[in-house]
Amino acid sequence: MASNGRVKIQARGIQKTFNPGEDGEVRAIDRLDLEVYEGEFVALLGPSGCGKSTFLYMVAGFAHPTQGELLLDGKLITGPGPDRGIVFQEYVLFPWRTARQNIEFGLEIAGVPPDARARRFKELIELIGLKGFEDAYPQTLSGGMQQRVAIARALAYDPDVLLMDEPFGALDAQTRRRMHRDLVHVEEATHKTVLFVTHSVVEALTLSDRVFLFSARPSVIKETIEVDIPRPRDVTGARFVELERHLIDSLDAEVEKMMSISPE
Amino acid sequence: MLGDTTQPNEEAISAIRLGRWKLARLRPFVVSVLSLAGFALLWEVFSRSGAVNPLLVPPPSEVFRTIVEQIGPGSGERPSYLMLRHTGATVLLLLAGYFIAAVAATVLGLLMGMNRHLYEWCNPLISFFMPIPTITLVPVAILWFGLGAYTVVFIVIIGSYFPIVYNAAAGVRSTPQKYIWAARITGASKTQIFFKVLLPSTMSYIIAGQKLALGRAWRAVISGEIFASTQYGLGFMIFDARTFLDTETVFAGIVIVGIVGLVLEKIIFRCIERLTVDRWGTATAKTI
């Protein structure tokens with residue numbers, strides 16, 4: 001999953017303020033500059049409520065920066081589009097559609113004919129590991145399975161960029177480890193540019209090429225860590241533990257600051 | 001797992017369990033039948049006990065005989081299949097009014113859900129009109145449309161309109177933002193989002209509203225007929241029979257109204273729900 005050095009996503013002086021000029025004005029992001037390369041897997045790590053999901057939604061085109069420029073392939077992001085796919089923490093599958101119909105949603109929208117949809121669907125269930133659940137409704141699936149369907153739905157129409165908003169946050173530890181392994185496999189097969197929001201240091205280090213550590217609100221990038229460990233990564237390896245120690249200390253300092261802003 | 005070590009005993013036990021399970025499933029039905037039969041029996045005894053005038057409180061057996069008689073061929077002045085004609089007339093007016101309301105109100109409700117201004121302007125009106133008992137409007141409707149079918153249909157429309165609007169609008173408004181986002185990122189157009197996301201996501205609310213509306217429509221059609229029908233309809237039949245002190249027909253009408261209402265509310269909507277919201281796991285809490 002090495003990148004080819006081409007800039008895929010660029011954020012220049014991004015600032016985001018909610019309810020500007022009103023009583024409830026909150027500055028979520030103060031000033032954000034970052035670059036993500038094509039084919040790179042980056043983790044956006046930070047304390048809860050720091051604005052990392054907000055940033056992800058801006059890349060998705062659901063929200064817009066108050067100030068600054070956000071570029072995808074050198075072009076200003078003006079709204080959502082099928083060059084990006086998204087996976088939410090709460091899966092957000094359409095409950096009235098079966099797993100298959102959920103996965104084929106984007107293909108339907110793109111006007112792909114049914115036989116081509118079926119072929120793509122077969123590839124995806126092989127890749128994501130969904131055999132035997134094709135025609136199940138989401139409510140009958142476990143959390144892990146639902147999230148697999150959601151990942152397949154996001155990949156179905158072959159977007160360049162995969163945006164993941166704490167996708168494994170609601171899963172139990174065992175399922176999460178399994179999903180990590182499978183996501184690494186998916187990434188090796190597809191070479192997507194991935195932005196992965198998390199507040200788990202281990203998760204960030206297990207998955208990503210680089211970790212952007214967000215500061216407490218209003219956020220800036222506090223530091224950027226290159227994860228120079230070959231995959232599959234051993235969470236007990238010396239370098240892993242060293243980076244983990246460092247990131248936990250750095251993150252904890254920000255969590256402390258967040259606590260003093262909003263007592264949650 | 002057990003292979004050939006299965007003991008015959010276990011099969012017998014599971015057969016009994018299965019039997020019990022089936023019985024347990026039938027239980028609510030059996031209890032319902034017994035409850036109604038018990039009530040009828042008590043009434044029968046009461047009616048024939050001499051404590052009341054059987055002319056005013058006819059025994060259920062006589063009411064039942066009247067129903068059978070009036071469903072069948074005519075005799076004397078009574079035309080054939082009279083009960084079916086009355087029931088048919090009522091159901092026809094009900095469906096006419098209900099479908100007009102269902103279409104018009106669903107459209108308005110969905111639009112209100114999607115447009116904040118429309119919602120803000122229409123919601124006070126709905127909040128005002130919804131709790132007014134439909135029967136209140138019968139005198140006005142008679143002045144506007146005269147005696148007859150138009151008045152009854154109008155009353156049915158008014159009776160069923162508001163719960164549908166209210167629920168459809170609420171359904172759209174409670175569609176999770178992330179459903180819309182998940183669709184928008186695939187490049188879905190507004191029309192596609194409406195038909196592929198908004199409408200199915202609102203379905204459980206729409207069904208709840210329609211169900212409530214049909215119940216209200218049924219009440220409305222009967223009350224409309226009592227005052228405004230001139231020849232056929234269960235409401236007319238009941239009111240007309242009263243003039244002749246024909247209490248058996250009055251009660252026969254009440255029983256038929258109860259049965260048809262039950263079929264409309266319980267059976268038809270149960271089937272729709274099984275096919276949709278039950279399968280999706282999105283059924284909303286029952287409204288009344």
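The values are calculated or read from the model by the stated rules, or taken from the named source; none is laboratory data. It should be emphasised that the depicted structure is a prediction, and the values quoted were computed from it without experimental measurement. All Cβ positions, glycine included, derive from the backbone under ideal geometry; neighbour counts span all protein chains shown. With ligands, DNA and RNA removed, areas are computed over all heavy atoms of the protein, side chains included. Shrake-Rupley method; radii C 1.70, N 1.55, O 1.52, S 1.80 Å.
Odds and ends about this structure:
- For the listed residue pairs A:LYS131/B:LYS211; A:LYS75/A:LYS131; A:LYS75/A:LYS222; A:LYS75/B:LYS190, the alpha carbons are over 28 angstrom apart in A:LYS131/B:LYS211; A:LYS75/A:LYS131.
- Placing +1 on the Cβ of every Lys and Arg and -1 on the Cβ of every Asp and Glu, with nothing else charged, gives the protein assembly as shown a dipole about its Cα centre of roughly 1260 debye.
- Overall, the accessible surface of the protein assembly as shown at a probe of 1.4 angstrom is composed of carbon and sulfur to the extent of 62 percent.
- Rounded to the nearest 20 debye, dipole of segment B:69-280 from Cβ charges on Lys, Arg, Asp, Glu: 1120
- Between B:ARG270 and A:ASP249, the modelled label-to-label distance comes to 6.8 nm, taking each label 7 Å out from Cα in the direction of the beta carbon.
- A:GLN67/B:ALA96 FRET efficiency (R0 60 Å; Cβ-Cβ; nearest 0.05): 0.50
- Sites counted here are chymotrypsin sites (Phe, Trp or Tyr not before Pro) in a DSSP loop (not H, G, I, E or B) having no more than 15 other Cβ atoms within 10 Å; the longest part of chain B that contains none of them is B:82-243.
- Between A:ILE109, A:ILE14, A:ILE29, the GNM of chain A built on Cα springs shorter than 10 angstrom shows A:ILE109 fluctuating the most.
- Segment B:50-137: GluC sites (Glu not before Pro) in DSSP loop, at most 10 other beta carbons within 10 Å: B:GLU77
- A/B buried area, accessible surface, summed, 1.4 Å probe, Å²: 2200
- Whole-Hz ³J(HN,Hα) from phi, Karplus 6.51 cos²θ - 1.76 cosθ + 1.60, for segment B:232-238, glycine and proline x: 10, x, 5, x, 4, 4, 4
- Cross-link reach is defined here as a Cα-Cα straight distance under 18 Å, omitting same-chain residues fewer than 8 places apart; for B:LYS196 the lysines meeting it are B:LYS178.
- Computed from label points 7 Å out along Cα-Cβ, the spacing between A:SER200 and A:GLU126 is 2.9 nm.
- Protein-only accessible surface order, largest first, of A:LYS131, A:LYS222 at 1.4 Å: A:LYS131, A:LYS222
- Burial of 40 Å² or greater, segment B:156-189 residues [accessible area, probe 1.4 Å, versus chain by itself]: B:LYS178, B:TYR179, B:TRP181, B:ALA182, B:ARG184, B:ILE185, B:THR186
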